[in-house]
1. Exactly which chymotrypsin sites (Phe, Trp or Tyr not before Pro) in the chain are in a DSSP loop and have at most 13 other Cβ atoms within 10 Å?
2. Quick check for you: with a 1.4 Å probe and neighbouring chains kept, what is the accessible area per residue of the chain, in Å²?
3. Give the ranking of 68, 2, 31 by solvent-accessible surface, highest area first, calculated with a 1.4 Å probe.
4. May I have the count of lysine pairs in the chain with C-alpha atoms under 17 Å apart, counting pairs 8 or more residues apart or located on different chains?
5. Any chance you could run the full-extension gain for residue 34 through residue 50? It's 0.36 nm times the residue separation minus the Cα-Cα distance, nm to one decimal.
6. Of 60, 37, 28, which is the most mobile in a GNM of the chain whose springs link Cα atoms less than 10 angstrom apart?
7. For the range 1-46, just say rounded, prolate or oblate: build the C-alpha gyration tensor, square-root its eigenvalues into a ≥ b ≥ c, call rounded for a/c under 1.5, and beyond that prolate if a/b exceeds b/c, oblate if not.
8. Please state the relative contact order of the chain as a whole percent: Cα pairs under 8 Å, 6+ residues apart?
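The values are calculated or read from the model by the stated rules, or taken from the named source; none is laboratory data. These numbers were taken from a predicted model, which means no experiment stands behind them. Here the Cβ positions follow ideal geometry from the backbone for every residue, glycine too, while neighbour counts run over all protein chains shown. These area figures cover heavy atoms from the full protein model, side chains too; ligands, DNA and RNA do not enter into them. Shrake-Rupley method; radii C 1.70, N 1.55, O 1.52, S 1.80 Å.
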Amino acid sequence: MEVWLLTVKSYTEAIRGRNFLQGVNINGSVEKISGRGGCTFAIRIKGDPNRASRLLGTVGVDVLKILEGRKK
């Protein structure tokens with residue numbers, strides 16, 4: 001199964017999003033991603049990233065980008 005990173009604007013949104021997704025049986029973890037523009041946070045999930053993004057939108061967590069992640 002592919003691993004995806006759903007980037008969000010803050011650590012708080014990442015935690016809130018991860019907790020919501022766990023409630024609908026999508027396991028995830030929060031990661032800090034460093035880049036040229038500073039740090040951003042992401043929720044690492046396995047499964048359909050578009051479905052997870054839509055679900056997060058229903059609770060006010062905006063996904064900025066969907067990135068393909070590496071398996072840990």
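1. Nothing satisfies the criteria.
2. Each residue of the chain exposes 65 Å² on average to a 1.4 Å probe.
3. Reading off the accessible areas and sorting them downward yields 68, 2, 31.
4. Close lysine pairs found across the chain: 8.
5. Fully extending the segment from residue 34 to residue 50 adds 3.4 nm.
6. So, out of 60, 37, 28, the one fluctuating most is 37.
7. oblate
8. The normalised contact order for the chain reaches 47 percent.
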